[in-house]
Amino acid sequence: MENIELLLNGFLVALSPGNIGAALLGAVLGLIVGAMPGIGSLAGVALLLPLTYKFNPTTAIIMLGALYYSNMYGGSFSAILLNIPGDSPAVMTALDGYPMAKKKKRPGQALFTANMSSFIGGTIGMIILTFAGPALADLGLKFGPSEMTAILLIAMTSISWLVGENPIKGILITMFGILIASMGMDTLSGAPRYDFNNMYLLGGIPFTPFVIGTVGFSQVISLVNERHKMPDKNLDTKLSIKGSWLTKHDFKRLLPPALRSGFLGTFVGVLPGAGATTGSFMGYAMQKKFKNEEPLGTGAIEGIAACEAANNAAAAGAFAPLLALGIPGSGTGAVLLGGLMMWGLSPGPLLFQNEPEFAWGLISSLFLSNFITLGIAILIIPFLTKIIAVPTKYMIPIITVVCVVGSYSTTYSMYGVFVMLVSGIFSYFLQKNNYPVAPMLLSFVLAPLLESNMRKAFIISGGSLDIFFTRPITLFLMIIFLSLIIVPIVRSIFRKSEVHKGKEDQKDKKDII
């Protein structure tokens, strides 16, 4: 009850005219920044941070917090309409969002699904933050390198659910994703790996240009090759809010994955170094293990709901360790931490006691920003969906320009553009030969985290495997990991024995006859 009272007092702070204006400005800027490939929440918050120096600390953090949170909404816009993720958490949204918008001619419903799922996931994260923020932050501290290794191993085993009908192709492309993720400087020893004496490769393969090429530019190549088969306009596109509204059946499909991913995403957001991108990938992978009305990757509502709810919940969950312990969970969190220090505040266990107006004003402003962002996102759906009606001959140069600008703005060099072009061409040929792209993206994101945490765990244990089986949390996670490997093998053996037994029974019946 005390937390509810403190939250209500926080709303008195957040609902002041100045703070409402700051939240509104942050929400609008976050949607714009999120929808523009190559910028992302980190760059957006970093660019606006100096402008808030003269602000009241509460007003400043409310604006930056709203920008960070609404960025998760905005990233889905370009992912759904152009197949180009605006930010890394929206990578998985493109897998189902674009097919639903383009192939199924339901762009409004795809955007509405993303917005509602973001709202549900974010609300779950904020409620958990309100009642269990400090406790969650303490739990996050218990996750050292061995625990993170175990949970990332579980996530890596989920790749098997993304490989499609041909496991061999899926495994090959997964290993390729791990290989390219290992290029560049070794994060622990500083030794160069697979740089081929090229100074650009010392920094590794940049994530954003790689994703833009894999998901976006490969689509441009497909459009060029298939432009004669496509109509100039999609006349059936619904361009009104009413026409974009989800049916009761659609909402029933959306709700379960959004709720599940909301809880999962909040937990992932609390973990050090995980962030919204990991939350989105894990939410999508988890949904693969549940029943879906349509196969994921073909425009399924469940796929959009799972990853969008997870990344928004992770964004909300990331505030728990930031405020309660002063530990940022991502690059954006580190910038926000710098802002807190710039304003003379010391995040940590005493922040809620010494600066309750600030702490609870920020938490309540996240609820406010969630409603504001949802309202704006729904109102602009009719304008956004008109992108789908643009003729293909105009869409090809527009998407190409967006890909080039987004890739260049990340690296500030033509190296990013070159990575985008090569990854786009490579991904196009992969898809033409029925190789799934999703496992490569998932392994590319998770492999560096897994390697870093695993090596740290071995350094701590002196190279012994005991560290993975003597710590309670790690032991529990390792049991889950081993179960995920062993159970499918056992099922396969039983299935084969049953088939064999059935054939023998049929043979015996024929012999009797």
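The values are calculated or read from the model by the stated rules, or taken from the named source; none is laboratory data. Please read all numbers here as calculations on a predicted model, not as lab measurements. Here the Cβ is made from the backbone with ideal geometry for all residues, glycine too, and neighbour counts use every protein chain on show. Keep in mind that these areas ignore ligands, DNA and RNA; they rest on the heavy atoms of the full protein, side chains included. Shrake-Rupley method; radii C 1.70, N 1.55, O 1.52, S 1.80 Å.
Given Cα positions, please report Rg to Rh for the chain, the hydrodynamic radius being the Kirkwood one.
Ratio value, two decimals: 0.99.
In this model, which of K105/K242; K103/K288; K242/K393 are farther than 26 Å apart at the alpha-carbon?
From the list (K105/K242; K103/K288; K242/K393), the Cα-Cα distance tops 26 Å for K242/K393.
Would you mind getting the accessible area per residue of the chain, heavy atoms of the protein chains only, 1.4 Å probe, in Å²?
With the other protein chains kept in place, the chain gives 45 Å² per residue.
With a ≥ b ≥ c taken as the square roots of the eigenvalues of the C-alpha gyration tensor of segment 312-469, please select rounded if a/c is under 1.5 and otherwise prolate if a/b is larger than b/c or oblate if it is not?
Since a/c reaches 1.5 but b/c is at least a/b, the shape of segment 312-469 is classed as oblate.
In the structure displayed, which of K169/K291; K104/K289; K252/K496 lie more than 30 Å apart, Cα to Cα?
Among K169/K291; K104/K289; K252/K496, the Cα-Cα distance tops 30 Å for K252/K496.
So if we plug the beta-carbon distance of T187 and F426 into 1/(1 + (r/R0)^6) with R0 = 22 Å, what FRET efficiency do we get, rounded to 0.05?
Efficiency, rounded to the nearest 0.05: 0.30.
Using a 1.4 angstrom probe on the protein heavy atoms only, line up V401, V33 by accessible area, largest first.
Descending order: V401, V33.
Accessible area, 1.4 Å probe, largest first: how do D87, D466 sort?
D466, D87
Expressed as a whole percent, how much of the Cα-Cα distance distribution for segment 395-466 exceeds 16 Å?
67
Report relative contact order for the chain in percent, whole number only (criteria: Cα-Cα under 8 Å, sequence separation at least 6).
Relative contact order comes out at 27 percent.
How would K242, K289 rank on accessible area, largest to smallest, probe 1.4 Å?
Reading off the accessible areas and sorting them downward yields K242, K289.
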